[in-house]
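Asks: One structure, pasted below without further comment.
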Amino acid sequence: MASSLLLPSVSPRNLSFSASHSFRGFNLSGFSPRNVGRSRVSMSVSVGSRTCVDDALFADYKPTCAFLFPGQGAQAVGMGSEAQSVPAAADLYKKANDILGFDLLDVCINGPKEKLDSTVLSQPAIYVTSLAAVEVLRARDGGQQIIDSVDVTCGLSLGEYTALAFAGAFSFEDGLKLVKLRGEAMQDAADAAKSAMVSVIGLDSEKVQLLCDAANEEVDEDNKVQIANFLCPGNYAVSGGVKGVEAVEAKAKSFKARMTVRLAVAGAFHTHFMEPAVSRLEATLAATEIRTPRIPVISNVDAQPHADPDTIKKILARQVTSPVLWETTVKTLLTKGLKKSYELGPGKVIAGIFKRMDKTADLENVSA
């Protein structure tokens, strides 16, 4: 993985350097002058007509305030109703309807649950509702000051797209188009194979790996399983073929797991089962303008922030087949001195993970 993300070598004759401020962000009306002082100066290298950004621009980031965005599974019928009292938030659903070709808000508020839970609908629904939550926060007293203070952002799987939109890496509209395609591609990949996901509760990651190894001894290659989501100590999601997942469930008690919970998802996300989705994502990402984020956005693939747009595109394409390193992300943020966090969007999954890893964590939920 690492080798595929290296920037191309360049000769000194082709180099030209420029320092540029980036004030881009998700706010549809643009950022206030207060953001200018907080912007980062990025170094870019022009190679012919192509501009390469130093991918390590954010390597030494020091987080104080984070925005955290949920992933698939956080959806719930009724979400989006609060956002309708905030014009800027309500406007996002109208924009979404034009892009998606159906009434997203109606599905969010009225369901039915089975429809909202589908991969093709839940992903855009969570993306839009999470960004609507940003506007709900902005509209309250002191909300803009909170938004201006955010110096790092990340999201759980799908939530990484939301984080990138908030950080100005792409527009709301382009992000929604990507998420729509991502949901469709993942659903199609899931339909092509019998696969599933299960949460294993009460074991550390080493024990879960041993459990996967034991299950894999009993199934053929098409049913192998692996850890797909490293969420937090005691909560890891395993993905793979249905028979492999059933073997994990059957053996979990003998490994002292407290319980297993089969996840209501279409298939084995974040494994090779999603490989058919990668080429479709790559094609769409290639045609999408992605810019250097204005603040660090932590990747699920390697728990690091990336500044180079081409690298971000490569990582987003591989994200659907790579394990989610959320536990490492949270540990790193806390170790680096994170003081305050906000979970924006439906559900409180991320808050639960943070509190499990640090009971004193200061985290506020902002729903929409």
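The values are calculated or read from the model by the stated rules, or taken from the named source; none is laboratory data. What you are looking at is a predicted structure, and each value in this text was computed from that prediction instead of being measured. No Cβ is skipped: glycine too gets one built from the backbone with ideal geometry, and neighbour counts run over all protein chains shown. To get the accessible areas, we keep the full protein, side chains included, count just its heavy atoms, and leave off ligands, DNA and RNA. Shrake-Rupley method; radii C 1.70, N 1.55, O 1.52, S 1.80 Å.
Asks: Just need a number here: residues in the range 323-368 that are assigned to a loop (DSSP other than H, G, I, E, B) and aromatic (Phe, Trp, Tyr).
Replies: The qualifying residues number 0.
Asks: Something else about it: How many of the residues making up the range 152-181 are surrounded by 21 or more Cβ atoms within 10 Å (Cβ to Cβ) and acidic (Asp, Glu)?
Replies: Counting residues in the range 152-181 that are surrounded by 21 or more Cβ atoms within 10 Å (Cβ to Cβ) and acidic (Asp, Glu) gives 1.
Asks: Then there's this: Among the residues of the range 77-101, what is the count of those that are modelled with pLDDT of 95 or more and assigned to a loop (DSSP other than H, G, I, E, B)?
Replies: Qualifying residue count, the range 77-101: 6.
Asks: Quick check on the range 270-294: of everything there that is in contact with a helix residue (DSSP H, G or I) (Cβ under 9 Å, 6 or more places away or on another chain) and open to solvent by less than 10 Å² (accessible area, probe 1.4 Å), which residue is farthest from ALA190 (Cα to Cα)?
Replies: Only one residue tops the list, namely PRO293.
Asks: Being in the same structural domain as ARG318 (by the TED database) and under 21 Å from LEU325 (Cα atoms) narrows it down to one residue among VAL238, VAL278; which is it?
Replies: From the options VAL238, VAL278, the qualifying one is VAL278.
Asks: Something else now. Kindly provide the set of residues from the range 287-304 that are under 18 Å from LEU176 (Cα atoms) and of a type outside the set (S, T, N, Q), ordered by number.
Replies: Hits for the range 287-304 are ALA287, GLU289, ILE290, ARG291, PRO293, VAL297.
Asks: Just the residues that are under 27 Å from the mean Cα position of the chain (by Cα) and surrounded by fewer than 15 Cβ atoms within 10 Å (Cβ to Cβ), please, taken from the range 223-262.
Replies: MET259, VAL261, ARG262
Asks: Being of a type outside the set (Ser, Thr, Tyr), touching an Asp or Glu at 6+ places or on another chain (Cβ under 9 Å) and free of Cβ contacts under 8 Å to residues at least 40 places away in the same chain is true for just one of LYS313, LYS348, LYS340, LYS359. Which residue is that?
Replies: Values: LYS348 fails: touching an Asp or Glu at 6+ places or on another chain (Cβ under 9 Å); LYS340 fails: free of Cβ contacts under 8 Å to residues at least 40 places away in the same chain; LYS359 fails: touching an Asp or Glu at 6+ places or on another chain (Cβ under 9 Å).
Within the list LYS313, LYS348, LYS340, LYS359, the selection yields LYS313.
Asks: Can you name the residue in the range 328-368 that is over 19 Å from the mean Cα position of the chain (by Cα) and small (Gly, Ala, Ser) and is also modelled with the lowest pLDDT among such residues?
Replies: Ranking the qualifying residues of the range 328-368, first place goes to ALA361.
Asks: Looking at SER195, SER205 in this structure, which one is crowded, with 24+ Cβ neighbours inside 10 Å and among the small types (Gly, Ala, Ser)? It would help to see each step written out before you state the result.
Replies: Numbers: SER205 fails: crowded, with 24+ Cβ neighbours inside 10 Å.
Within the list SER195, SER205, the selection yields SER195.
Asks: Now a separate question. Check whether at least one residue in the range 318-326 is on the phi < 0 side of the Ramachandran plot, open to solvent by 50 Å² or more (accessible area, probe 1.4 Å) and either outside the structural domain of GLN209 (by the TED database) or aliphatic (A, V, I, L, M) (or both), and report yes or no. Give the derivation first.
Replies: In the first step, residues of the range 318-326 are kept if they are on the phi < 0 side of the Ramachandran plot; the result is 318-326.
Right, trim to open to solvent by 50 Å² or more (accessible area, probe 1.4 Å) and you get 318.
This time we only want the ones that are either outside the structural domain of GLN209 (by the TED database) or aliphatic (A, V, I, L, M) (or both), so: 318.
Within the range 318-326, one or more residues are on the phi < 0 side of the Ramachandran plot, open to solvent by 50 Å² or more (accessible area, probe 1.4 Å) and either outside the structural domain of GLN209 (by the TED database) or aliphatic (A, V, I, L, M) (or both).
Asks: Which numbered condition in (1) open to solvent by 10 Å² or more (accessible area, probe 1.4 Å); (2) touching a strand residue (DSSP E or B) at 6+ places or on another chain (Cβ under 8 Å); (3) part of a helix (DSSP H, G or I); (4) free of Cβ contacts under 8 Å to residues at least 60 places away in the same chain is the only one that VAL219 fails?
Replies: (3)
Asks: Please state which of the following conditions ASP302 fails to meet, knowing it meets all the rest: (1) closer than 23 Å to PRO70 by Cβ; (2) of a type in the set (D, E, K, R); (3) more than 17 Å from the chain's Cα centre (by Cα).
Replies: Tallying (1) closer than 23 Å to PRO70 by Cβ; (2) of a type in the set (D, E, K, R); (3) more than 17 Å from the chain's Cα centre (by Cα), ASP302 fails exactly one: (3).
Asks: Of the conditions (1) of a type in the set (S, T, N, Q); (2) open to solvent by less than 10 Å² (accessible area, probe 1.4 Å); (3) under 24 Å from ASN235 (Cα atoms), THR311 fails just one. Which one is it?
Replies: With (1) of a type in the set (S, T, N, Q); (2) open to solvent by less than 10 Å² (accessible area, probe 1.4 Å); (3) under 24 Å from ASN235 (Cα atoms) applied to THR311, the lone miss is (3).
Asks: Does any residue of the range 297-304 turn out to be among the polar types (S, T, N, Q), more than 26 Å from ALA189 (Cα to Cα) and open to solvent by 20 Å² or more (accessible area, probe 1.4 Å)?
Replies: Looking for residues that are among the polar types (S, T, N, Q), more than 26 Å from ALA189 (Cα to Cα) and open to solvent by 20 Å² or more (accessible area, probe 1.4 Å), one finds at least one in the range 297-304, hence yes.
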